[in-house]
Amino acid sequence: MSGDHRPFMAGVMGWPIAHSKSPILFDHWFRTLSVSGRYVPLAVAPDDFDLVVRALPKAGFRGVNVTVPHKQAALRIADGRSAAAEAIGASNTLVFGPDGAIFADNTDAYGFIENLRAGAPSWAGADGPAVVLGAGGAAQAVIHALLGAGVVEVRLTNRTRDRAEALADRFGPCMQVVDWSDRGKALESAALLVNTTVLGMTGKPPLELALDALSPKAVVNDIVYAPLETPLLAAARERGATVVDGLGMLLHQARPGFRAWFGRDPVVDDALRHACLA
């Protein structure tokens, strides 16, 4: 950002936001890269979102990450949008130009696929069908990433079938909607299983899924990271499957924002994982 004299300041907006690990990981990168920056949590109610976002560039912010429930509003308010944000229909990263222009990006798909490749380097999109559990915003990003990686069949299942069908319609003929009651059968011949729901997360109901039809050669990724090893991952590991936890998705999705705001390319490594889990 040549000629940009704004302070190295960014943040994360959500409602609530106290649970976010993003300030921890950004502080780690500031220290390891010797960047004199600030990254702050911003608790913003939905009704105040537009007012706060438009004020942040004037307060010297270079951008913000955006989490629940603001991702659709972040896309709507932007002056420009990345192809990923348009395709996913939401934004988790806003970049503010020196003139106050707002650019919306979505790095969730990037974070998902980078984490998957790091945790399962032998996996390839051409290996076979992928099963995706859930039909919310995370599922949209995951499906976008999978199709971009060459997956030709995505089996989508959700507790509410109507939501799954609506999401499948967005992504075309590669999508196959499976009834939630048949989710176990959907695992037959699947090369990848991804849980994008909150089921199995600490404080949430369990994910009830029989893995009898899952190949031991499959890869299983749970985007939940609290607990780090969910019951799904533990059961998949027992079958011999390759398992990938959800923490890396959070860490990798933050990298493009850091590059855009601060001009440095941070790395995701064990030291960062340990800092976020401490």
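The values are calculated or read from the model by the stated rules, or taken from the named source; none is laboratory data. For clarity, every value in this text was computed on a predicted model and none was experimentally measured. When we count neighbours, we look across all protein chains shown, and the Cβ atoms used for this are built from the backbone with ideal geometry, even at glycine. Each accessible area value is taken on the protein alone, full model and side chains, heavy atoms only, with ligands, DNA and RNA left out. Shrake-Rupley method; radii C 1.70, N 1.55, O 1.52, S 1.80 Å.
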Taking r as the C-beta separation of residue 271 and residue 52 and R0 as 35 Å, the FRET efficiency to the nearest 0.05 is 0.60
Hey, rough spin-label estimate for residue 213 and residue 198, points 7 angstrom out along Cα→Cβ, what's it come to in nanometres?
2.8
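Which whole-number percent is the relative contact order of the chain (Cα, under 8 Å, 6+ apart)? It would help to have the intermediate numbers written out before the result.
On the way: 550 pairs, mean separation 45.0, N = 278.
This gives 16 percent for the chain.
Suppose all protein chains stay in the model; what accessible area per residue would a 1.4 Å probe give for the range 196-278, in Å²?
Details: 3740 Å² over 83 residues.
Averaged over the residues of the range 196-278, the accessible area is 45 Å².
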Work out the FRET efficiency for residue 59 and residue 118 from their Cβ-Cβ distance, taking R0 = 41 Å, and round it to the nearest 0.05.
0.70
Which far-off residues, 5 or more places away or on another chain, put their amide H under 5 Å from the one on residue 91, with H placed in the peptide plane?
72, 74, 75
Per residue of the range 106-117, what does 6.51 cos²θ - 1.76 cosθ + 1.60 with θ = phi - 60° give for ³J(HN,Hα)? Whole Hz please, x for Gly and Pro, Karplus curve as stated.
10, 9, 5, 5, 4, x, 5, 6, 5, 5, 5, 5
Sequence-distant residues sharing a close amide H with residue 220 (under 5 Å, placed H)
193, 242, 243, 244
Residues in the range 91-107 reached by a label modelled at residue 79 [backbone nitrogen below 15 Å; 7 Å Cα→Cβ]:
94-105
Using a cut-off of 15 Å between beta-carbons, work out the net charge of the residues near residue 92 (Lys and Arg +1, Asp and Glu -1, residue 92 not included).
+2
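Which trypsin sites (Lys or Arg not before Pro) from the range 100-162 combine a DSSP loop assignment with at most 15 other Cβ atoms within 10 Å?
Details: sites: 117, 155, 159, 161; in loops: 159.
Loop-located and lightly packed - 159.
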Output row, site residue 239, 7 Å Cα→C-beta label point, backbone N cut-off 18 Å, window the range 117-157, residues 120, 123-124, 127-134, 154-157
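Could you please state how large a percent of the accessible area of the chain is carbon and sulfur, counting protein chains only and using a 1.4 Å probe? Could the numbers behind the result be given before it?
Details: 6570 of 12290 Å².
Roughly 53 percent of what the probe reaches on the chain is carbon or sulfur.
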